[in-house]
Every structure is written in C-alpha cells, then in structure tokens.
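Read the structure below first, then the notes.
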Amino acid sequence: MTEKKNEENPKEKEGDHVREKEESQSSQEDDQEESKKSPREQKPNNNGNESTQEDEESDIEFLGPAIYQEAETTPSVELKQSDNKKNNKALLELRCRVEDAIVGNYLLGKPNKKISPAESARQREELREISLWGVPLLPSKGHQGTDIVLLKFLRAKDFKVLDAFEMLLKTLKWRKEYRTDEILEEELGSDLENLVFWSSVDKEGHPLCFTVYGPFKERELYKRTFGSKEKRQQFLRWRVQFMEKGIKKLSFKNGGVDSMVHITDLKNSPGPDMKELRSLSSKTLVLLQENYPELIQKNIVINAPLWYYVAHVLRSRLLSQRTKKKFVFARPSNVTKTLLKFVDPEKLPVQYGGLKREHDPEFTPEDKASRRSVKANTTACIEIPVAEGGLTMVWELTVVGWDVSYKEEFVPDDEGSYKILLQNKKRLGQCVRNSFYTNEPGKIVITIENWTFKNKRVLYRSKSKLTVPVYRFLFNK
C-alpha cells in the first residue's frame, strides 16, 4: 500500500503543475487580449479628467467621412511598431537605391558612353551635388533633410520602394525639362499677383496659401489669362512658380514644418462653362500630386458651389486615395467655422471671419482673443473694464456665423454721469473694430442678441492706450 501511494503522489504533483501552467498561460492570454482592445473597449481612466472622445469624433465627422474612417482604424501600439520597422526598412532600401543611382551616374538616365573620361568624371561630380527643394539627395552626405524628402515619396506610394524610386526619377527629369531651378527669376503673371497670397500659418505652423478665383469672373482678365494656349501654359508655369516660392517657407529638418496648407476661395468664381479654368485646375492638381508629393498637408475649398462638387468627383479619378483624403470642403455658411478648425482667429484674415489685418497698428498675432458663447434666442453682454480716465480703449470682435444684433455703449462708474451709445447695429455681418477715449473710469458694454436657432461663438480682444487729448496741447500754447 505504501509503495502504491508513493507512486500516485508524483502523478498528482505533476497534474497540479500542469494545471498551474495552463492557468498562467490563460491569464497571460487574457492580458494580451485586454491590451489589444481599442480605446473604445477599454475602461476609462478615472483620474479626474473626462474623456474627450465625443469631441474628437464630432471634429472628425465635420472633416468628412474619408478622414473619419482613417481615424477610426488607427492601429494599436504593437502594429505601429511593426509598421515603423517596415517603413524604416523601406527607407533604408530607397536610400541605397538613390545612393547607387547617384554614384553610378544613372539617376537622370543612362550615361553617355561616347563622352571623354574627363567629361564623365565632371558629370559624376555634378550629379553628386544634386538636390531637391534645396536638400541634397546623396544620402552619404548625412543631411537630415534627405530622409525627410525621401519619406515624402515613400508615403505617396504607400512605402512601395520601387514605385517611390520611379516617382523620384520622374520628378527629377520633369524639373530638368521644366527648368524649375530658373523659374523663380522669371516674370510671370503680373496681373495675377492678387489672386494668390500667403497669410500667416495654421495651428501646427504650416504656411497658409490662399487662392481666390472670384476676379476671373471679369471677362477681360479671364481672356488675358486663358485666351490662348501659350497663355494657359504661362498660367500653369506661374502656379509652379508660386509653389516653388512656398517651398522656401518650409524647413526640411527634424521637427521643422515641411508642408503647407492650400485654401481655395471660390466665392463669385466663374461658372462651370469656363472650361479652360476647370481644365487647368485639374492639370495643376495632377502636376502637384506627381511632382510635389506630401508638400500639401491639406486642401481646403471654401465657398464651394454645387457645380464644383460635381467637377471634383469627376476629376478625383485622376487623384490618389491619399490626395483625396486631404480635401476639406466648406459651404458659404460654414467658411469661418471650418477655417477656425485649423487656424487661430488671430492668424485668420479678417475677410474670412478672423481678426488678422495686414499692417495692423493696434493688434498682433500674440494678442490672444477671448471666447464667449451666445446660446440660441438669448442675449449676452461682454464688459471691458476701463480702470482710469485718460485712456483710449480699442477693441475688435467677430461672430462665427454672424446674423446677430450688436450694440456698444460706455457705462461710467459715476452714477451721475450719462451712458454713451457708441454703436448700434441691427445685423452684424463683418468683423467690428472700434475705439473710444474717456476721461473717467467705467466699462465698455457690448450687447449681442442672438435671435436665431443656433448657438453663436464670439471672438474678441481689447487693449488700452494712455492718451493725451489734443486740446491740452492747444491750452498749454
């Protein structure tokens, strides 16, 4: 009996050991499954901060279903790490291909075997100095912008090395044939200088390029610009020149801003019967996609009429999926709301509902605006205190969506003094700026009446200046 018990005890111990091992494996698998859950499936972190997932979803839905879908399928940390390894491998392979092509003297095509050895050596040395957008392309030079430029071609081709390398070769050949290195010195489109302009940066520091198509509604300007094949080619070259000027504003360094934002304003633009303009717009989009990959961070189209949506759907067949996702459209009623998603009000031009004015003597982009919400069918008051007399108060205000009543008045602290009505508008339709000199303390009271069914957002800022009245100088004399 004792021998039998001794034989059974090792088996029981072995069974217990197996069960413990299985339990530990199952617990590890549960932990792995829990870690792989999406942020929506995991429990919220109750550290006093509420989740902002609903706010993020509302912002994404505003930008469009394509961008919303991209954000919904954001990979987990493990997948990101594996993608980084794959992307780094693709970058390393592209670096080797570019290095071999430059050193082997076949980056721009097969070398001419009939030339002398001295000429061949000169061409090799010249090719080693080749650059793109001001960045050396030879990886062995060690310039930090080389990888940034190569990554743009890889991203444009979903990290397919052969396709990215082929795209780089075509871009370099096109630049040589199109003489883009000389284009900045050319005088092109003197009549079009007011149609495209740069204005500050967005919230992430990307330069903002505004293109206005309204002036083309004038027949004479339209004919001067698109009246012949030569003029249309000149217009296309002018757009390339402006793109090259924009590249000068970028920084191809680690942590630098290496892309821009294009904002196209179609207010009062010619209708769909202007086929020359539509054709050149499509050619410009394709040209930028093929030769300036990932240099445009976003394409925002504002005041877009119905016919433009139809035209965009038709020409979107020529665009890659990555380029399509960069488009954001805004109807006339949502222009300011859309732009404020990407641009601070202090840096958004006043004609688009912002507070930025060219050569502004009163305010700078560093003078931050305050925000106030006015609910539907309510009245709100904004008070700007005046601490002492002898001050000139300056303030400006804009309302997202407009369509409100607006009144300004000065209310002195002394009950024996009278209120002074400064401004009274039944309907506010643009950014307001005003100033008032007072010789006694009090406050500027701004009353906003919102009788619409939508909430309104008010953006305003103010400052005070010590002022000596002119009559004091006259009295001293």
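Based on the mean of other Cβ atoms within 10 Å per residue, sort peptides 317-330, 362-375, 282-295 so the most packed one is first.
The packing order, highest mean first, is 282-295, 317-330, 362-375.
Quick one: what are the phi-derived ³J(HN,Hα) couplings along the stretch 443-450, Karplus 6.51/-1.76/1.60 with θ = phi - 60°, whole Hz, x for glycine and proline?
7, 8, 10, 10, 10, 10, 10, 10
What whole-number value in Å² describes the accessible area per residue of the stretch 179-254 for a 1.4 Å probe?
56 Å²
Within the stretch 226-304, what whole-number % of the accessible surface is contributed by carbon and sulfur, with the 1.4 Å probe and all protein chains included in the calculation?
On the stretch 226-304, the fraction of accessible area on carbon and sulfur atoms equals 44 percent.
Could you pull the Rg and Dmax for the stretch 360-477, using just the Cα atoms, both in Å?
15.8, 58
When the accessible area of the stretch 323-427 is split by element with a 1.4 Å probe, what percent falls to carbon and sulfur?
Ligands and nucleic acids excluded, carbon and sulfur give 47 percent.
Note down the net charge around Leu280, summing +1 for each Lys or Arg and -1 for each Asp or Glu among other residues with Cβ under 9 Å from its Cβ.
+3
Could you work out how far the C-alpha centroid of the stretch 414-445 sits from that of the stretch 330-357, in angstrom?
The stretch 414-445 and the stretch 330-357 have Cα centres separated by 26 Å.
Return the long-range amide H neighbours of Tyr213 (sequence gap of 5 or more, or a different chain), with a cut-off of under 5 Å between placed amide H atoms.
Asp265, Lys267
Can you list residues whose amide H is under 5 Å from Leu422's amide H, if they're 5+ apart or on another chain and H is modeled 1.01 Å from N?
Under 5 Å from the amide H of Leu422 lie the amide H atoms of Glu408, Glu409, Phe410, each far enough along the sequence or on another chain.
Around Glu362, with a cut-off of 11 angstrom between Cβ atoms, what is the net charge of the other residues, counting Lys and Arg +1 and Asp and Glu -1?
Residues near Glu362 contribute +2 overall.
Treating cross-link reach as a plain straight distance, find the lysines whose alpha-carbon is under 27 Å from the alpha-carbon of Lys463, omitting any fewer than eight places away in the same chain.
Correct list for Lys463: Lys203, Lys337, Lys341, Lys347, Lys356, Lys368, Lys375, Lys407, Lys419, Lys425, Lys426, Lys443.
If you place +1 on the Cβ of every Lys and Arg and -1 on the Cβ of every Asp and Glu, how big does the dipole about the Cα centre of the stretch 135-205 come out, in debye to the nearest 20?
Using only the charged Cβ atoms, the result is roughly 600 debye.
Give me the 1.4 Å probe accessible area per residue for the stretch 288-369, excluding ligands and nucleic acids, in Å².
For the stretch 288-369, the per-residue accessible area is 47 Å².
Given H placed 1.01 Å from N in the peptide plane, which residues other than close sequence neighbours of Val386 have an amide H under 5 Å from its amide H?
Gly442, Lys443, Ile444
How big is the gap, in Å, between the Cα center of the stretch 286-310 and the Cα center of the stretch 168-200?
Distance between centres, Cα-based: 17 Å.
In debye to the nearest 20, how big a dipole does the stretch 79-165 give about its Cα centre with +1 on each Lys and Arg Cβ and -1 on each Asp and Glu Cβ?
My answer is approximately 220 debye.
Of the options Ile302, Val343, Val386, report the single residue whose Cα projects farthest towards the positive end of the charge dipole of the stretch 263-422 (beta-carbon charges: Lys, Arg +1; Asp, Glu -1).
Ranked along the dipole, the leading option is Ile302.
Dipole magnitude of the stretch 153-192 about its Cα centre, charges +1 at Lys/Arg Cβ and -1 at Asp/Glu Cβ only, in debye to the nearest 20?
Charge dipole, the stretch 153-192, about its Cα centre: 460 debye, nearest 20.
Return the carbon/sulfur percentage of the accessible area of the stretch 102-159, one whole number, probe 1.4 Å, all protein chains in place.
Here carbon and sulfur together make up 49 percent of the probe-accessible area.
The values are calculated or read from the model by the stated rules, or taken from the named source; none is laboratory data. In this text the structure is predicted, and so the values were computed from the model without any measurement. Virtual Cβ from ideal backbone geometry, glycine too; neighbours counted across all protein chains shown. Keep in mind that these areas ignore ligands, DNA and RNA; they rest on the heavy atoms of the full protein, side chains included. Shrake-Rupley method; radii C 1.70, N 1.55, O 1.52, S 1.80 Å.
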